[in-house]
Amino acid sequence: MIQRIFKPFLLAALLLPALCAWSQNKSFTSVGSLNIVKEVKPPILQLQGQIAFVEPSGNRAIDANEHCSLRLTVKNVGMGDGIGLTGKIRVAGNIPGISFPKVTLPTLKVEASQTVEFPITADMNTIDGIAELYLSIEEPNGFGTPEYPVTLPTRAFVAPMVEFRGHIVESGAAVLSKMNPFRLQVLVQNTGHGDAEQVNASLQLPENVLLVGQEGSLTNATLKSGESRTLTYSLIITQKYASSTLPITVALSERYGRYSKNGRINLEVGEAGEATAMVVNANEDPTRQVVVASLVSDVDENIPVAQGTNANTHVMIVSNQRYANEADVSTALNDGRMMRQYCIKTLGIPESQVKICENQTYAQLRADVENFARTIRVNAGDRFIFFYFGHGMHSADPRVEDAYLIPVDGSSLRLQQTGVSRNWMMQQFQNANPGQLVVYLESCFSGAQGDDQMLAYAEGSSGLRVSDDVGNNFKGNIILLTASSQSETANAYPAQRHNVFTYEFLKALQSGRGNQTWGSIFDAVQRSTSRTAWNELGRQQTPSVTISTTLGDTWRQWSVK
């Protein structure tokens, strides 16, 4: 029994060394040294849709000092989550002034999508060129996306220029004076080709001149290229102010501190404030043109200058704007003052022979007519022009075929008692026997609503009808130009700060430099006034000419200059 048990053990003991030796010569691996590979579930990232370029200016380029981005959506269609993902932009070549920071993505689960924003930052060193970019999503184990190519234009820095463009003074009195509040309108514009950011505007006033109110402001504002703003300041001069001049600085600033120009305004205390215009021409850019803004009409600037002197012409201008019993006429002073400038500069009439009278009372207006009739007599054989800007009205009495110029102290309710008769005025001129006389009537605001109502004021819907439906009961070398015909109104043109008829008349003088006949200029102005009144204001207006009963058509050959 013992022998039977012992024999297997003995046999195993004898065979063990042989087995070990044999195993060393064979390619068997022991169980303890097996390499057990872990199961891998990789993410697989795919681009969804198109790559989008996001930028604020809308020009589809990377502008200097602009923050842009490239946006794409990636989806994990693999077997495992995307962990440790980063978004990266690789740049081909060197692009000055542009940086592309990496983006860290959260874990992207299987079948989940993620929108990735790749930020792009450009500084002032950016140049004009093309950026070749390659977008990718990187994964630590190499399961990222391929590179997606994107080509974007780059734009160099374009400077803005914030400027003071002009001002207008509006005063409750005829002159600026102490303790009389007035309004100062200031025009600011970005005349550069780049957008201006963090724009600020303020007034620097001398001592004893106070700001009492303000409409509109520029505080950390953005002005696009060509954009303008009008700021209105209410000011008052105290009794302590000693100087006869009032210097005001319009202080301007913007983001960079070097692309703005302050403005300087010098007002006269004791004299009427007038509109002025400061014009600084921006550098031309063939790809972007800036239209320079102005607070004044385009006919108030670039007034042609005559080469010679027109010493044989005499002019009287009456401008009534500030009425005691009627609505003010907002364009009358500007109409008259600019007509005076054209008479002196474009027509070459000596300044001493161009008299302007503003805000005339009944007594003053009658005296103006009589004095001009005396001027006609004294300068027999010369040429004469009489301009009137202000209220006017027909007689409501059907028995009275007359119209009246209304002085600033007149009233439409007592027209015949307080108005200056047009028939009387024309008779005064006729009796003076002029060699050539043009009477120009621009009545600014309409609204004769009947005998018992005052004149109505409606900006842009103006026109007192002093027109040719009142008979031509005058003789001699005289013509009468009026802003409208029959029952039409003579419309204001608020955008140009003139009445339509006067704006078109000045425009014709500007374009023709005054080298026209009265016939040709009237024909042109009649057409342009009708077009502008209808196209811009939706109203009918046809200027008219009334010719003396003895003149005929010879007036058409009269020279304007």
Give, as a single signed number, the net charge of other residues whose beta carbon lies under 13 Å from the beta carbon of GLN239, with Lys and Arg counted +1 and Asp and Glu -1. +1
Listed residue pairs exceeding 27 Å between alpha carbons, taken from LYS475/LYS561; LYS475/LYS507; LYS75/LYS102; LYS102/LYS224; LYS507/LYS561: LYS475/LYS507; LYS102/LYS224
Just the Cα atoms of region 45-155: what Rg and Dmax do they give in Å? 14.6, 46
Descending principal axes extents, region 125-228, alpha-carbon based, whole Å: 82, 27, 20
Residue by residue, what Karplus-based ³J(HN,Hα) values in Hz, rounded to whole numbers, does region 205-214 have, using 6.51, -1.76 and 1.60 with θ = phi - 60° and x for Gly and Pro? 10, x, 4, 6, 10, 10, 8, 10, x, 8
With labels modelled as points extended 7 Å from the Cα through the Cβ direction, what inter-label distance (nm, one decimal) is found for ASP553 paired with LYS355? 3.6 nm
For THR86, the residues 5 or more places away or on another chain with a placed amide H closer than 5 Å to its own amide H are LEU105, GLU138
On the formula 1/(1 + (r/R0)^6), with r taken between the Cβ atoms of VAL158 and THR86 and R0 of 35 Å, the FRET efficiency rounded to 0.05 is 0.55
Report the charge-dipole magnitude of region 45-155 in Debye, nearest 20, computed about the Cα centre from +1 at each Lys and Arg Cβ and -1 at each Asp and Glu Cβ. 140 debye
Quick one: go through region 101-118 and flag any residue whose amide nitrogen is under 18 Å from the point 7 Å out along the Cα-to-Cβ line of GLU39. 110-111
So how strong a dipole does region 311-557 carry about its Cα centre when Lys and Arg Cβ are +1 and Asp and Glu Cβ are -1, to the nearest 20 debye? 740 debye
The long-range amide H neighbours of ASN65, using H built 1.01 Å from N in the peptide plane and a cut-off of under 5 Å, are ALA122, ASP123, MET124, THR126
Based on the mean of other beta carbon atoms within 10 Å per residue, what is the order of 219-225, 315-321, most packed first? 315-321, 219-225
Along the charge dipole of region 45-155, which of THR121, LEU70, THR145 sits closest to the positive end, that is, farthest toward it, with unit charges on the beta carbon of Lys, Arg, Asp and Glu (+1, +1, -1, -1)? THR145
Cβ-derived FRET efficiency at R0 25 Å, ARG414 paired with ASN473, nearest 0.05: 0.60
In what sequence, highest mean first, do 137-147, 331-341, 406-416, 518-528 appear when ranked by Cβ atoms within 10 angstrom? 331-341, 406-416, 518-528, 137-147
Which ordering of HIS394, HIS67, HIS314, HIS498 is given by a fewest-first count of other beta-carbon atoms within 10 Å? HIS67, HIS394, HIS314, HIS498
Taking the dipole about the Cα centre of region 311-557, with the C-beta of Lys and Arg at +1 and of Asp and Glu at -1, give me whichever of ILE547, ILE478, ILE349 is farthest to the positive side. ILE349
Please give, to one decimal in nm, the separation of the simple spin-label points placed at THR121 and ALA251, each 7 Å out from Cα toward the Cβ. 3.2 nm
Using label points projected 7 Å from each Cα along Cα→Cβ, tell me how many nm separate ILE236 and ARG183, to one decimal. 1.7 nm
Could you give me the ³J(HN,Hα) list for region 394-408, computed from phi with Karplus coefficients 6.51, -1.76, 1.60 and θ = phi - 60°, whole Hz, x at Gly and Pro? 6, 5, 7, 7, x, 7, 10, 8, 7, 10, 10, 8, 9, x, 5
Counting only DSSP beta bridges fully inside region 311-557, the antiparallel percentage to nearest 5 is 30 percent
Could you give me the ³J(HN,Hα) list for region 513-527, computed from phi with Karplus coefficients 6.51, -1.76, 1.60 and θ = phi - 60°, whole Hz, x at Gly and Pro? 6, x, 8, 9, 9, 5, x, 5, 6, 5, 4, 5, 6, 4, 5
For a quick protection proxy, order the peptides 121-128, 187-194 by their average other-Cβ count within 10 Å, most packed first. 187-194, 121-128
Distant-in-sequence amide H partners of ASN262 (H built 1.01 Å from N, under 5 Å): LEU252
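None of the figures in this text is laboratory data; all of them are computed from the coordinates on show. On a predicted model such as this, the values are computed, not experimentally measured, just so you know. Note that each Cβ is placed from the backbone with ideal geometry, even for glycine, and that neighbours are counted across all protein chains shown.
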